[in-house]
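Structure record follows, encoded as C-alpha cells.
The values are calculated or read from the model by the stated rules, or taken from the named source; none is laboratory data. On a predicted model such as this, the values are computed, not experimentally measured, just so you know. Cβ placement follows ideal geometry from the backbone for every residue including glycine, while neighbour counts extend to all protein chains displayed. Please note that ligands, DNA and RNA were not included when accessible areas were found on the heavy atoms of the full protein model with its side chains. Shrake-Rupley method; radii C 1.70, N 1.55, O 1.52, S 1.80 Å.
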Amino acid sequence: MFWISVILLFALKGCNGYQPKFTEPIGNITVPVGREAIFTCYVHGLGGYRVGWVKADTKAIQAIHDHVITHNARVSVSHTDDSTWNLHIKNVQEEDRGQYMCQINTDPMISQMGYLDVVIPPDIIYEDTSGDVMVPEGGTVKLTCRAKGYPKPHVLWRREDGREIVIKDASSTKTKVTTYQGEVLRLTKVSRSEMGAYLCIGSNGVPPSVSKRITVSVHFHPVISSPSQLVGAPKGTEVKLECNVEAFPKSINYWVRESGDMVITSDKYQTNSTIKSIFEDQMVLTIKSVEKYDLGSYRCIAKNSLGEVESNIRLYEIRGLDSDEDDEIYDLSDLYPESYTETHHVHGGGGTGGGGGGVSENGVGDYRNRTKHRHHMDAYPPTPSPSTSTRLVPPFYRTIEYL
C-alpha cells in the first residue's frame with residue numbers, strides 16, 4: 001500500500017500549461033570517505049510537478065520531493081525554493097559511489113545525472129609490509145611496502161637522512177637515486193653506508209599521505225684507524241691520542257697501556273667517545289702534563305659480537321735544546337726517530353721449537369695484530385719491555401748511508 005501511494009504521489013502532474021526545465025547540470029562530485037556529498041538540481045518553472053532522486057546504477061529511489069524513500073538514514077533532502085533541490089548523503093561510504101539521477105515527472109519524464117566518486121586516503125597494509133631488518137655486510141635486503149586506498153596508491157621510497165639510494169642491477173652496475181618508485185625495494189651487496197632508516201610513502205592524491213619507517217641494520221666486525229700512530233709532545237704539555245672506529249652492532253671501546261692496564265678517566269687521563277654516525281665513533285685519550293712515565297705505547301681497542309680489533313699509538317717526548325744530558329741517555333731511541341728496535345719476546349714454553357723462540361704455535365710472532373684488521377706502523381714498534389733486547393742505529397750510521 002505504501003509503494004502504491006509513492007507511485008501515485010510522483011505520478012501527479014502539474015496543472016501548468018508549460019513544461020519545467022533544468023537550468024544547470026548537476027555536475028560530478030568527488031568526496032573523501034566519511035564526508036558529506038550534496039547534489040543540487042536547478043529547475044525553472046516546476047509548477048505542480050515533483051522532483052525525484054534515484055541512484056541510477058541500482059535504480060533505487062532515494063527521495064520524491066520532500067519525502068525520503070530509501071531506508072538509508074544517511075540520506076536526506078532539502079530545498080530553498082521551487083528552483084533549488086538538494087540530495088544530501090552524510091558520512092559517505094564506498095557503496096555510495098555511482099551515478100545519481102534528478103527526475104521531474106513530466107510526460108515524457110526529464111532527468112539529468114551526476115556522478116559521485118568516493119575517494120579513500122592511502123593506508124599502509126602492515127601485514128604485507130616489511131619490518132626492521134638486519135643483514136650482514138655484502139648481503140641482500142628485500143623491502144616490501146603495500147598500501148591501500150582509492151585510487152590505488154603509488155609507493156615511493158626515500159632515505160630518512162636524505163642520502164641517495166643505491167640500486168644495483170644484475171651486472172652490479174650502480175644507480176644512485178634520491179627516490180625510488182615501486183612496492184618492492186631490493187638492496188644488493190649492502191654496504192655499511194646504506195645502513196639507516198628508509199621511508200616507504202603511499203600517496204594517491206587524497207590527503208593525507210601515509211608512510212612507514214623501516215630500519216636497515218648492516219652488521220660488520222669493527223674496523224679501527226688512527227690519524228697518527230706516532231705522537232710527540234714536550235714534557236709538561238697536554239696531548240691527545242685519537243682513534244676512529246667503525247662497527248655495528250656498536251662496539252665497546254677502551255684504551256690500554258703497553259703494561260696491559262686499562263686507562264680510566266682521572267685527573268691525569270681523560271677518555272672521550274664521540275658518535276659520528278650510526279656506526280662511527282671517535283675515541284680520544286687526553287693526557288695532561290706529559291711526564292716520562294706517560295711515554296710509550298697506547299692501544300685503542302674496539303670489540304663487538306663479530307670481532308675485536310686494536311690499533312697502537314706510540315707517545316714520545318719532543319726534547320728541547322736545554323734537555324738534561326742524563327735524560328738523553330735514558331731514552332736515546334726517542335731522540336733518534338730513524339733508529340729501529342728489534343724485539344724478541346721470551347716465553348716459558350708452548351711455542352714452536354721449544355721454550356724460548358718468541359713464536360707461537362701457529363708460527364706467528366707474539367707481537368702481532370690481535371686480529372687481521374689491526375693497523376700499526378712497523379717503523380715505530382712499542383717501547384721494548386725488560387724481556388726484550390734492543391739494538392739502536394745512531395745517526396752516525398745514517399750519515400754513512402747517505403755518503
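Here are the numbers for this structure:
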{"read-out": "The range 128-143 - residue that is of a type in the set (D, E, K, R) and within 14 Å of Glu183 (Cα to Cα) and, of those, least open to solvent (accessible area, probe 1.4 Å)", "value": "Asp128"}
{"read-out": "Failed item, numbered, when Thr175 is tested on (1) within 30 Å of Pro32 (Cβ to Cβ); (2) open to solvent by 50 Å² or more (accessible area, probe 1.4 Å); (3) β-branched (Val, Ile, Thr)", "value": "(1)"}
{"read-out": "Where Thr265 falls short, out of the listed (1) in a loop (DSSP other than H, G, I, E, B); (2) surrounded by 14 or more Cβ atoms within 10 Å (Cβ to Cβ)", "value": "(2)"}
{"read-out": "All positions within the range 144-154 that are crowded, with 18+ Cβ neighbours inside 10 Å and assigned to a strand (DSSP E or B)", "value": "Ala147, Gly149"}
{"read-out": "Selection within the range 185-215 - in contact (Cβ under 8 Å) with a residue 40 or more places away in the chain and hydrophobic (A, V, I, L, M, F, W, C)", "value": "Leu185, Leu187, Val190, Met195, Leu199, Cys200, Ile201, Val206, Val210, Ile214"}
{"read-out": "Only listed residue being farther than 25 Å from Gly34 by Cα and touching a strand residue (DSSP E or B) at 6+ places or on another chain (Cβ under 9 Å), chosen from Ile104, Ile125, Ile120", "value": "Ile104"}
{"read-out": "Where a residue in the range 132-147 is without any contact (Cβ under 8 Å) to a residue 40 or more places away in the chain and its partner, wherever it lies, is part of a loop (DSSP other than H, G, I, E, B), with Cβ under 9 Å and at least six apart", "value": "Arg146/Ile125; Arg146/Thr129; Arg146/Glu183"}
{"read-out": "Selection status of Thr84, β-branched (Val, Ile, Thr) and open to solvent by less than 30 Å² (accessible area, probe 1.4 Å)", "value": "yes"}
{"read-out": "Complete set of residues in the range 178-203 that are aliphatic (A, V, I, L, M) and surrounded by 18 or more Cβ atoms within 10 Å (Cβ to Cβ)", "value": "Leu185, Leu187, Val190, Met195, Ile201"}
{"read-out": "Yes/no for Ile167 being under 30 Å from Val75 (Cβ atoms), assigned to a strand (DSSP E or B), open to solvent by 20 Å² or more (accessible area, probe 1.4 Å) and hydrophobic (A, V, I, L, M, F, W, C)", "value": "no"}
{"read-out": "Matching residues in the range 204-251 - criterion: being under 24 Å from Ile124 (Cβ atoms), outside any strand (DSSP E or B) and open to solvent by 30 Å² or more (accessible area, probe 1.4 Å)", "value": "Gly205, Pro207, Pro208, Ser209"}
{"read-out": "Cβ pairs under 6 Å, 6+ apart, first in the range 279-307 and farther than 20 Å from Pro227 by Cβ, second open to solvent by less than 10 Å² (accessible area, probe 1.4 Å) and of a type in the set (S, T, N, Q)", "value": "none"}
{"read-out": "Where Gly27 falls short, out of the listed (1) modelled with pLDDT under 95; (2) surrounded by 16 or more Cβ atoms within 10 Å (Cβ to Cβ); (3) not polar (S, T, N, Q)", "value": "(2)"}
{"read-out": "Strands (runs of 3 or more DSSP E) contained in the range 269-314 and holding at least 1 residues open to solvent by less than 10 Å² (accessible area, probe 1.4 Å) and either charged (D, E, K, R) or over 9 Å from Cys243 (Cβ atoms) (or both)", "value": "280-287, 296-304"}
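For (1) under 30 Å from Val54 (Cα atoms); (2) assigned to a loop (DSSP other than H, G, I, E, B); (3) at pLDDT 95 or above; (4) not basic (Lys, Arg), each residue gets a yes or a no:
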{"site": "Met101", "(1), (2), (3), (4)": "yes, no, yes, yes"}
{"site": "Ile120", "(1), (2), (3), (4)": "yes, no, yes, yes"}
{"site": "Asp123", "(1), (2), (3), (4)": "no, no, yes, yes"}
{"site": "Met134", "(1), (2), (3), (4)": "no, no, yes, yes"}
{"site": "Lys142", "(1), (2), (3), (4)": "no, no, yes, no"}
{"site": "Leu156", "(1), (2), (3), (4)": "no, no, yes, yes"}
{"site": "Ser172", "(1), (2), (3), (4)": "no, yes, no, yes"}
{"site": "Arg186", "(1), (2), (3), (4)": "no, no, yes, no"}
{"site": "Lys189", "(1), (2), (3), (4)": "no, yes, no, no"}
